[in-house]
Each structure stands twice: as structure tokens, then as C-alpha cells.
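**Q** Have a look at the structure that comes next, please.
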Amino acid sequence: MTPPILVLALTLSVTSASALAQQLDARFSCSNARTEAGEKTIYADSGEFRLNGSKIEALRWESSLFRSTHGFDCSIDQSDGPLAEAREEGSTASWRISLKDAPAARFQRGFDFGRRPNCTIRLERDGDTLNVKPTCPALCGSRENFTEFSVDLKTGQCRYEE
């Protein structure tokens with residue numbers, strides 16, 4: 001029979017390892033120029049995601065798409081009322097960030113609310129790679145507001161989805 005103190009120490013050790021896996025501290029600055037439909041486009045993203053489980057310690061992201069005749073940009077930060085939900089599956093830690101009140105965040109930015117009311121950002125960390133997968137048509141204007149990309153957390157190298 002295992003003494004109770006040993007069982008408690010083992011439980012704390014497992015809990016601590018799980019809690020560490022659910023932490024994210026990422027800062028990024030990415031850009032990519034490419035040609036789409038014969039037009040030069042530039043993608044630029046910068047920001048910071050710092051999460052401890054479901055607690056958001058820092059969140060800011062500015063995403064821009066520039067074309068030769070016009071451009072779009074959108075940003076999200078803690079003033080938009082983000083909520084995080086943490087998940088862990090094997091070696092992959094993931095978070096789903098949503099807004100407490102997406103219509104209010106959209107209104108605060110000066111946009112009428114004629115679009116779908118949701119905004120979610122999925123963050124998936126697999127080893128040293130962070131995959132950023134946004135679905136935010138309701139925050140800034142009517143286009144998809146943020147760009148999907150991956151960043152190597154050790155080297156800072158970014159890869160934009162085609």
C-alpha cells in the first residue's frame with residue numbers, strides 16, 4: 001500500500017506537467033509578398049499570445065493584407081473581451097479564443113452589425129510550431145479579417161497558408 005503523502009506528491013507532479021503543457025508564450029512578426037490573380041499582395045501579421053491554460057495574460061494581433069490599389073487591416077486585443085478555452089490532445093496543446101460580445105467589439109470599431117456575429121481564433125501548438133487559424137468575419141468590415149499562418153516558436157520563421 002502506498003503511503004498517502006506519496007500519492008499526493010505524484011498527483012501534484014502530473015498536474016504540474018499538464019499545466020506546463022497548456023502554457024503559450026508567443027511573439028511574432030511575419031510578412032509575405034506573393035502574386036495572387038496577377039496582382040502583388042503583401043501579408044503582414046504581428047502580435048503576442050500569452051496564455052496560461054484558459055487564462056489570457058496577453059493578447060494582441062494585427063493582421064494586414066495589402067494590394068496595389070487598396071489594403072485591409074484588423075486587430076484584436078484584450079479590450080475586445082477575448083475568452084480562451086484550453087485543450088490538450090497528446091503532444092498537441094490548443095486553445096480556442098472567442099469574444100465575449102463580438103457585436104459590441106464590432107460596434108466599438110465603427111462597423112455596423114450586418115455580418116455573422118462570431119469570431120474565433122484557434123491556436124494549435126505542436127512541438128515548436130504554432131498554427132494560427134482564425135475565423136473572424138465579424139470584427140472588421142466584411143472580409144475575412146485575419147490571415148492563417150504558422151510560426152516556428154524557436155526560429156520565428158513564418159509560413160502563410162496558400
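The values are calculated or read from the model by the stated rules, or taken from the named source; none is laboratory data. Keep in mind the model is a prediction, meaning the values are calculated, not measured. All Cβ positions, even for glycine, are placed from backbone atoms using ideal geometry, and neighbour counts span all protein chains on display. For accessibility, only protein heavy atoms count, side chains too; no ligands or nucleic acids. Shrake-Rupley method; radii C 1.70, N 1.55, O 1.52, S 1.80 Å.
**Q** Compute the accessible area per residue over the stretch 63-112, keeping the other protein chains in place, probe 1.4 Å, unit Å².
**A** Normalised by residue count, the accessible surface of the stretch 63-112 is 57 Å².
**Q** Run the accessible area of the stretch 69-129 with a 1.4 Å probe and give the carbon-and-sulfur part as a rounded percent.
**A** Taking all protein chains in place, the stretch 69-129 shows 47 percent carbon and sulfur surface.
**Q** How far, in nm, would the chain grow between LEU83 and ALA104 when pulled straight, counting 0.36 nm per residue and subtracting the alpha carbon separation?
**A** So the chain would gain 6.1 nm between LEU83 and ALA104.
**Q** Within the set of other residues whose C-beta is less than 14 Å from the C-beta of ARG87, count the net charge using Lys and Arg as +1 and Asp and Glu as -1.
**A** Taking every other residue near ARG87 into account, the sum is -1.
**Q** What lysines could a cross-link reach from LYS55, if we take a straight Cα to Cα line under 28 Å and drop same-chain neighbours fewer than 8 places away?
**A** Straight-distance partners of LYS55: LYS100, LYS133, LYS154.
**Q** Can I ask one more? So, by mean Cβ neighbours within 10 angstrom, what's the order for 125-131, 156-162, 92-98 with the highest one leading?
**A** 92-98, 125-131, 156-162
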